[in-house]
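Notes for the one structure printed next.
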Amino acid sequence: MAFTLKSHPGRNYIPFMNAFGLKKVTQVVKLLLVMLLVFLPIGTAGLIRDAGKIHAAAVTEAMAELARYGIQHPETEIRSLAVVDYSLPSFMKRMTVIDLRSGRSTSLRVAHGKKSGEQYAEHFSNVPESNMSSLGLFRVTRAYHGDHGLALRLDGLDSLRNANADTRDIVVHSADYVSIPYILLNLLTGNGPRIGRSNGCFVVARCDIAPVADKLARGGFIYAWKGGATKPEKP
């Protein structure tokens, strides 16, 4: 049977829309909007209050690797260490920068490579053009200004996991996509509560790059970790 839309003078609507319960659809939309207005501020507040708790195992392993490197290279100045816990989702503050002299630490958000995963970093590579993050110990060689503004050059110290960091141009830089508004935008568009992703670089928020550079530019190291500890703790 052929279906024909009826035309009525002065009435511009499709009769069969009532079959879908237009009134019910409107009610559902209103309910979703109310839920959005209620939960969005709660989610935002939670992101703001994030204290940055990484796994203790990540810090322990990072310290051990750094100590081993220090023994092999006693001439190297070691002042600070940033531990990146890739077992945590990207919307959390999963980079903790530790001043090894005072013991003080600060935590912040950091992006992973776009081919490493979506909300979580699941895959890692040392291969050029892989667009994945790398694991292991990195040494910060210098600060510089490039396409992304202030940034930090890195030297990969693990021959199997990150030795191509310089060849791959893996650095620490900043971007707008590491921010709470970007997390909420991804949530609202169905991409999950996550920050943006990089081509493999350690990318931090615009407001964080200056203090990070200040702490890591001289005698700084980064350790990227992916493990399975169950209870995150602040170092």
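Quick notes on this structure:
- Label-zone membership for the stretch 88-130, site Leu160, 7 angstrom Cα→C-beta point, backbone N under 20 Å: 122-128
- Going from the fewest other Cβ atoms within 10 Å to the most, the residues Tyr182, Tyr144 appear in the order Tyr144, Tyr182.
Read the figures in this text as sums done on the coordinates, not as results from a lab. What you see is a predicted model; the values in this text were computed from it and never measured. A quick note on method: Cβ atoms are made from the backbone with ideal geometry, for glycine too, and the neighbour counts reach across all protein chains shown.
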